[in-house]
């Protein structure tokens, strides 16, 4: 599991790239008056602001727990990533769609297209650098998953956000360059409007994907099945454990996995031995999943199939001594 440092380099690279691209695109728009250039300019401004929001979220998430938020503030990283999706949709997608419709209704020739091609080419170079940095930062965390699986299952929010933003930016630059080229070649500025609409639709899709993924983390997603299996295996590897009756997990933040479990210990253990066994179980779990914090182990025993089924659906039910660590 990555700590917050894994995403920081990618965020800074994206921030610097988008800031430079936004300035260049605005200059290009002033010379060309192309709506696709304006849409791309606003897109880069939104992306630059988004990187600042991600950095803000990372900073605020490092605050220590207090009486009001006893599990800490780590979920702020998910909240600000969700805000990024909203900004990308409202400021990026909707503006591009509005500009595209206006260009289709009132087309006008593109002026000085050479400026557009030069600036879009520079944008592709800078975005490629940013995208490469995000890929490099994400590679150690993929763990054999496909890129789509990584985006869907990653619990560190910044890297999927930057990856999708950079991919969308690169695709948008290609769309803008293609639209302007077709407009110039055919002397039909309506294609500039088509390109702008395409950029708006692309940003809308990316924003929707990000919003859906971040919503799940804000609500509180469980660990991946392979991580849950590793935790259960570590618990059952303890000589004092008969079985894990049921277990629940939830991410409090990218580096904090809440683990709660009802565990059946050997019936011959004394109270002191049970306490030692709980400590041993926790140590074994953290050997395989170091970020499993906090952890709550409740000693219990199987009372029959009906009770076992009930406890599997009602985490708070059942008797036993709870030992938070």
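Answer yes or no as to whether residue 291 is closer than 30 Å to residue 58 by Cα, at pLDDT 90 or above and either over 29 Å from the mean Cα position of the chain (by Cα) or not in a strand (DSSP E or B) (or both). So residue 291 passes the test.
Only one of the numbered conditions (1) assigned by TED's automatic domain parsing to the domain that holds residue 71; (2) under 31 Å from the mean Cα position of the chain (by Cα); (3) crowded, with 22+ Cβ neighbours inside 10 Å is violated by residue 215, and that is (3).
Within segment 225-237, is even one residue in contact with a helix residue (DSSP H, G or I) (Cβ under 8 Å, 6 or more places away or on another chain) and either within 25 Å of residue 147 (Cβ to Cβ) or not in a helix (DSSP H, G or I) (or both)? Yes, the conditions are met somewhere in segment 225-237.
The lone criterion from (1) within 16 Å of residue 176 (Cβ to Cβ); (2) without any contact (Cβ under 8 Å) to a residue 40 or more places away in the chain; (3) buried (at least 17 other Cβ atoms within 10 Å of the Cβ) left unmet by residue 53 is number (1). A single member of 201, 188, 208 is in a loop (DSSP other than H, G, I, E, B) and either free of Cβ contacts under 8 Å to residues at least 12 places away in the same chain or out of contact with any strand residue (DSSP E or B) (no Cβ under 9 Å at 6 or more places or on another chain) (or both), and it is 188. Residue selection: residue 104 satisfies the criterion of being out of contact with any strand residue (DSSP E or B) (no Cβ under 9 Å at 6 or more places or on another chain), surrounded by fewer than 19 Cβ atoms within 10 Å (Cβ to Cβ), in contact (Cβ under 8 Å) with a residue 40 or more places away in the chain and under 19 Å from residue 179 (Cβ atoms). In this structure, residue 90 does satisfy being out of contact with any strand residue (DSSP E or B) (no Cβ under 6 Å at 6 or more places or on another chain), surrounded by fewer than 21 Cβ atoms within 10 Å (Cβ to Cβ) and free of Cβ contacts under 8 Å to residues at least 60 places away in the same chain.
If you go through segment 133-143 one residue at a time, do you hit one that is farther than 30 Å from residue 226 by Cα and in contact (Cβ under 8 Å) with a residue 40 or more places away in the chain? Scanning segment 133-143, I find no residue that is farther than 30 Å from residue 226 by Cα and in contact (Cβ under 8 Å) with a residue 40 or more places away in the chain, so the answer is no.
Per-residue answers, yes or no, for (1) touching a helix residue (DSSP H, G or I) at 6+ places or on another chain (Cβ under 7 Å); (2) farther than 17 Å from residue 227 by Cα; (3) not in a strand (DSSP E or B):
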{"residue": "246", "(1), (2), (3)": "yes, no, no"}
{"residue": "258", "(1), (2), (3)": "no, no, no"}
{"residue": "269", "(1), (2), (3)": "yes, yes, yes"}
{"residue": "281", "(1), (2), (3)": "yes, no, yes"}
{"residue": "285", "(1), (2), (3)": "yes, no, yes"}
{"residue": "298", "(1), (2), (3)": "no, yes, no"}
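The values are calculated or read from the model by the stated rules, or taken from the named source; none is laboratory data. Keep in mind it's a predicted model, so treat the numbers as computed, not measured. Backbone-built Cβ (ideal geometry, glycine too); neighbour counts: all protein chains shown.
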